[in-house]
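The values are calculated or read from the model by the stated rules, or taken from the named source; none is laboratory data. Because the structure is a prediction, the values reported are computed rather than measured. Cβ coordinates were reconstructed from backbone atoms using ideal geometry, including for glycine residues, and neighbour counts include every protein chain displayed. Protein only, heavy atoms only, side chains kept; ligands, DNA and RNA dropped before computing areas. Shrake-Rupley method; radii C 1.70, N 1.55, O 1.52, S 1.80 Å.
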Amino acid sequence: MSQPLVVANWKMNPQKLKEAKEIASVSDEKNVVLCPPFVFLLEIKKILKKANTGAQNCFSKKRGAFTGEISPLMLKEAGCKYVILGHSERRELFEEDTKKIREKIALVLSVGISPIVCIGEKRKSRKNEEEVKKQLVGLLKGTSLKHIIVAYEPRFAIGTGNSCPLDVAKKRLFFIKKVLQDIEKKGEKTPVLYGGSVNAKNASLYIKDAGFQGLLIGGVSLKKESFSKLLKNVTK
Ligand code: PGA
């Protein structure tokens, strides 16, 4: 089996480039994707030997008068292989809706970058499959899944320290794969990551027990020691 993909979403952290470089230096592994804030992308890319970089968002147009926005073409130029799209913080705090995220997915694919498409139910309930299905279908139906990565991130688990119970995550993974297969014949081959309060201790359980193809990590990817421990645990 190939190594699980570990994507580090640094969000609006750290504040100093020096610190960003320090974290990057301990996480420079082939299966790692570091997603720093835009302004650090070029500098981080420069020091990485094995890991890839990704962005945390982009705009839905390639060029033009869009003050303050970043084009996927610029991300390509900066060496990004991935872009996280539709993160719940973007949806909730910046009012991104399915239509907007769909446009971004199509544009990112058209410039040769892989979108990491985030989905996940709002509340903790074992009956939330329909919400997950609606998100997946709304975002991906009619799109080629070839270069898509899905990240299952139940919102109650993000940044709370309460990761999704393993049995629930495992069921959701099975369900997501089924929906992906309905969207496209070989859809079950689309990598699905788990995200939400992953730490060095529980990381390998989501890979080995629940069967996810990788992880999307927030908080822990900002702490050098715990992030390198996490990486060791998922690859051994
Ligand atoms: P967390 O964040 O690991 O801090 O819960 C995950 C995410 O927002 O992708």
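Full extension from K133 to K223: what is 0.36 nm times the residue separation minus their Cα-Cα distance, to one decimal in nm?
Full-extension gain reported as 29.0 nm.
Students sometimes get this wrong: rank D182, D209 by accessible area, probe 1.4 Å, all chains present, largest first.
D182, D209
Averaged per residue, what accessible area in Å² does region 5-235 show with a 1.4 Å probe, protein chains only?
That works out to 49 Å² per residue.
Rounding to the nearest 20 debye, state how big the charge dipole of region 5-235 is about its Cα centre with +1 on each Lys and Arg Cβ and -1 on each Asp and Glu Cβ.
With only Lys, Arg, Asp and Glu charged at Cβ, the dipole is about 360 debye.
Pick from E95, E188, E19 the residue whose mean-square fluctuation is largest in a GNM of the chain, springs joining Cα atoms under 10 Å.
E95
With +1 on each Lys and Arg Cβ and -1 on each Asp and Glu Cβ, how big is the dipole of region 192-236 about its Cα centre, in debye rounded to the nearest 20?
Around 200 debye, computed over region 192-236.
I need the trypsin sites (Lys or Arg not before Pro) found in region 88-166, filtered to DSSP loop residues with at most 16 other beta carbons within 10 Å of theirs.
K122, R123, K124, R126, K127, K141, K146
I'd like the Karplus ³J(HN,Hα) series for region 31-38: coefficients 6.51, -1.76, 1.60, θ = phi - 60°, whole numbers in Hz, and an x wherever there's a Gly or Pro.
For region 31-38, the Karplus curve yields 8, 9, 10, 9, 10, x, x, 3 Hz.
Report, as a whole number in µm² per second, the diffusion coefficient that Stokes-Einstein gives for region 163-206 at 4 °C and 1.567 mPa s using the Kirkwood radius over alpha carbon pairs.
So the translational diffusion coefficient is about 115 µm²/s.
Quote to one decimal, in nm, the extra length available between K178 and K50 on full extension: 0.36 nm per residue of separation minus the C-alpha distance between them.
Length difference between fully extended and current span is 42.8 nm.
On a full-extension model of 0.36 nm per residue, what is the gain between K76 and D97, subtracting their alpha-carbon distance, rounded to one decimal in nm?
Taking 0.36 nm per residue and subtracting the Cα distance, the gain is 5.2 nm.
Could you tell me what % of all Cα pairs in region 12-129 have separations over 18 Å?
On the way: 3789 of 6903 pairs.
Percentage above 18 Å: 55.
Rank-order 46-58, 108-120 by packing density, defined as the average count of other C-beta atoms within 10 Å over each peptide's residues, highest first.
Those peptides, ordered most packed to least, come out 108-120, 46-58.
What relative contact order, as a whole-number percentage, does the chain give when Cα pairs under 8 Å and 6 or more residues apart are counted?
Numbers: 450 pairs, mean separation 46.2, N = 236.
For the chain, the relative contact order is 20 percent.
Could you give the Stokes-Einstein D for the chain in µm² per second, using the C-alpha Kirkwood radius, 25 °C, 0.890 mPa s?
139
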